[in-house]
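The values are calculated or read from the model by the stated rules, or taken from the named source; none is laboratory data. Quantities reported herein were computed from a predicted structural model and do not represent experimental measurements. Every residue, glycine as well, gets a Cβ built from its backbone with ideal geometry; the counts of neighbours run over all protein chains shown.
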Amino acid sequence: MKQRHNKNHILLAALLLSLVLFAGCAQQETDSVDYAAAENWAYHETERTDTAADVFFVCPTVYAGAEDAENMPLVDADAKADFLGATNMEKGIYDADSRFFAPYYRQASLYIYSLPENERTTALSAAYEDIKDAFEYYLANDNDGRPIILAGFSQGGDLVLRLLQDYFDDDALADQLVACYAIGWRVTEDQLAEHPHMRFATGEADTGVIVSFNSEAPEVTDSLVIPSGSKTLAINPLNWRTDSIPADKSQNLGACFTDYDGNITEEIPQLTGAYIDDQRGALKVPDVSPEDYPAGLSIFSDGIYHLYDYQFFYRNLQDNVATRLNAYLAETVQKQPPDHQSALLKEKGSCACVVQRQLHRDPADPHILIHIYNNIYIYIYS
């Protein structure tokens, strides 16, 4: 087992080295970022036309920082390269049937997570200002009413939860939300009580909900993300339950370890099972060891599998994104009044169509939403 994962640990070591190298080269930028400029997007896939939805993705922390460099400078080409690489490592979970939007932003550095939580506010607020600007640009210029999947990991998970809190209390925008994947960050009952439009997932196919979990070994009782004595909400990515009923590793469709180009360098089916600790809300991962999967960062102790949150459950997450999107599109059809419901179903590659409700519109109409699922084209007229 240890030898099999050497290449993954080499990649991890390279990432950590790059974090250290970045620490001394930052300068604080105070002007707003111009998201009309292509250079300020890691991905801005407006050219894709064969997709059903959009993913707005927020990258996790890749910048080490220092006491005088709490946010990543966008003028740092090396930092942006690592940012793009970290984004690529997760992109394949989300983008099979969606356009992908991922803004560069002046993210809070790894350094700030070594500080007490009340001292992180300034750096994280600055990061969020960029994300808000990027999201508002995307809504105004790119979205055009398409379904939205919010997705982020770690700091990215924190920031997409802030977007959900601040923007999706608007009913029209809430109706566009497929799901918010906030992996590797906590979600509390108090947050949901304070913001009733924020709902946590209860199963594998509900929509407009938060999907979140934090992985750790069974013996862990304290972490940066879930401090001792606190509790987060979680859903198990193997059985899609929110209670403590365990999922056996046979339900794990595949752990995938990816490189900076997004290539899967190793895939291990049935790597581990998982269950939710009903005291902490953490996702306990019983079938791997900290020796084989080290914490990797000084802010985490052994047994905290934060760096592997999405890697351990890659194929299950990938499958779930498709499941929730398909459920969302089915709900969209059902919500339409009868004279606006039109779904044309045809087998991929075939010209034969079955019209369930006739609308006299050209199938080339630009207001058609096209969803491709299990080799079936579904055209939904808006």
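For this structure, a couple of remarks:
- Condition check for GLY145: on the phi > 0 side of the Ramachandran plot and in contact (Cβ under 8 Å) with a residue 60 or more places away in the chain: yes
- Candidate set from the stretch 138-162 (those that are in contact with a strand residue (DSSP E or B) (Cβ under 8 Å, 6 or more places away or on another chain) and surrounded by fewer than 21 Cβ atoms within 10 Å (Cβ to Cβ)); member that is farthest from LEU110 (Cα to Cα): ARG146
- Hits in the stretch 125-149 (condition: part of a strand (DSSP E or B) and out of contact with any Leu (no Cβ under 6 Å at 6 or more places or on another chain)): ILE149
- Residue match in the stretch 131-152 (condition: under 20 Å from LEU307 (Cβ atoms) and either modelled with pLDDT of 95 or more or within 14 Å of the chain's Cα centre (by Cα) (or both)): yes
Yes/no matrix, rows are residues, columns are (1) more than 22 Å from LEU283 (Cα to Cα); (2) in a loop (DSSP other than H, G, I, E, B); (3) assigned by TED's automatic domain parsing to the domain that holds ASN326; (4) of a type in the set (Phe, Trp, Tyr):
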{"position": "VAL160", "(1), (2), (3), (4)": "no, no, yes, no"}
{"position": "ASP166", "(1), (2), (3), (4)": "yes, no, yes, no"}
{"position": "ALA172", "(1), (2), (3), (4)": "yes, no, yes, no"}
{"position": "ARG186", "(1), (2), (3), (4)": "no, yes, yes, no"}
{"position": "PRO196", "(1), (2), (3), (4)": "yes, yes, yes, no"}
{"position": "THR207", "(1), (2), (3), (4)": "no, yes, yes, no"}
{"position": "SER223", "(1), (2), (3), (4)": "no, yes, yes, no"}
{"position": "LYS231", "(1), (2), (3), (4)": "no, yes, yes, no"}
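- Some residue of the stretch 269-292 being part of a strand (DSSP E or B), touching a helix residue (DSSP H, G or I) at 6+ places or on another chain (Cβ under 6 Å) and among the hydroxyl-bearing types (Ser, Thr, Tyr): no
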